[in-house]
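As structure tokens, the structure follows; a few thoughts come after it.
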Amino acid sequence: MDYVSLVNIGIVGITTVFSLGLLMISLISYHKSKNKKIFFVSLLLLLFSLKNLLLSFFLFTEQIPNNFTILALEFFDLLILVFLFIAVLTK
Amino acid sequence: MEDVLELETRRKIFDTISKNPGLHLSKIADLLNMRISHVEYHVNYLEKYDLVVVEKSTGFKRFYIKGTIGTQDKRYLSILRQKTLLSIVLFLLKNQTVLHKDILENVAISPSTLSYHLNKLVKHEIVEVQRYGENKGYQLKNRQEIITWLIQYKPFDLYEEFTNVWSELSI
């Protein structure tokens with residue numbers, strides 16, 4: 001495994017752990033506040049964590065991303081932005 | 001007591017005050033996602049039946065479960081539930097005796113606001129002043145007591161802060 005791949009795995013790993021931590025905080029915040037905004041923030045963090053878990057899986061299995069996986073990851077990004085937009089719009 | 005707390009909404013308000021003594025009306029309404037007038041009605045009812053006591057301090061009506069909080073704790077709660085005052089006290093906890101300008105460098109408020117808050121803390125006997133010639137040094141009056149209080153009441157709530165950050169993000 002080359003140096004760039006190792007750094008890549010490290011960064012994806014840190015991002016995944018960090019996003020899971022934020023997801024936990026958002027879920028507890030939602031449980032406490034029942035705020036609709038936080039519900040959408042939790043959803044987007046859930047998708048962000050899932051996307052990173054998926055990315056970690058691809059990196060660890062050294063699977064070469066094909067068009068379908070790229071499409072799936074892009075779809076996650078789109079959903080994350082949609083939920084962020086809804087969270088901002090929600091009163 | 002059971003009859004008074006039979007209503008779910010009222011019980012929720014009672015539980016919220018029990019878990020967060022010293023909250024004011026709008027904060028309770030915020031936490032429970034209820035209208036202030038609605039909370040006010042139930043709090044008045046709880047007060048009428050001697051379950052809750054109301055104390056007016058630092059411009060707010062603060063609510064406590066009757067007989068659960070001592071006078072000293074109430075004094076700390078009324079002051080340290082305010083974010084700016086809490087951040088000044090936390091800075092003083094990390095340092096022994098500090099000058100006005102030292103606090104100013106670490107707490108993002110104007111000099112006059114800081115003076116106002118420091119006077120409030122001195123008046124409530126949380127902070128004491130020591131004179132060094134023309135300068136005034138500020139230090140906590142009862143450091144250990146405040147540490148114990150902070151551990152017991154945890155006025156900073158990570159989850160609440162998370163909710164606040166996102167709540168403020170809107171068009």
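The values are calculated or read from the model by the stated rules, or taken from the named source; none is laboratory data. This structure is a prediction, so every number in the text was calculated from the model and none was measured. Don't worry about glycine lacking a Cβ; one is built from the backbone with ideal geometry, like all the others, and counts go over all protein chains shown.
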Review point. Any idea which of B:39, B:43, B:53 is modelled with pLDDT of 85 or more, under 18 Å from the mean Cα position of the chain (by Cα) and either in the same structural domain as residue B:118 (by TED's automatic domain parsing) or not in a loop (DSSP other than H, G, I, E, B) (or both)?
Key: B:53
Exercise for review: With the checklist (1) of a type in the set (S, T, N, Q); (2) farther than 22 Å from residue B:159 by Cβ; (3) free of Cβ contacts under 8 Å to residues at least 60 places away in the same chain in hand, flag the one item residue B:26 doesn't pass.
Suggested key: (2)
Point to revise | Search result, residues across the range B:112-155 that are away from chain A (no Cβ under 14 Å) and closer than 30 Å to residue A:42 by Cα | key: B:150, B:151, B:152, B:153, B:155
Point to revise | the range B:143-171 - residue that is in a loop (DSSP other than H, G, I, E, B) and touching a residue at least 12 places away in the same chain (Cβ under 8 Å) and, of those, nearest to residue A:36 (Cα to Cα) | key: B:156
Point to revise | Subset of the range A:49-82 that is over 18 Å from residue A:15 (Cβ atoms) and aromatic (Phe, Trp, Tyr) - its residue that is surrounded by the fewest Cβ atoms within 10 Å (Cβ to Cβ) | key: A:68
Practice item. Name every residue in the range B:56-72 that is among the basic types (Lys, Arg) and assigned to a loop (DSSP other than H, G, I, E, B), in order of residue number. Key: B:66
**Study point:** Answer from B:60, B:156 - the residue that is within 15 Å of the chain's Cα centre (by Cα) and assigned by TED's automatic domain parsing to the domain that holds residue B:45
**Key:** B:60
Practice item. Out of B:27, B:12, report the one residue that is within 21 Å of residue B:78 (Cβ to Cβ) and either of a type outside the set (Gly, Ala, Ser) or surrounded by fewer than 16 Cβ atoms within 10 Å (Cβ to Cβ) (or both). Key: B:27
**Study point:** Answer from A:91, A:32 - the residue that is within 12 Å of chain B (Cβ to nearest Cβ) and not in a helix (DSSP H, G or I)
**Key:** A:91
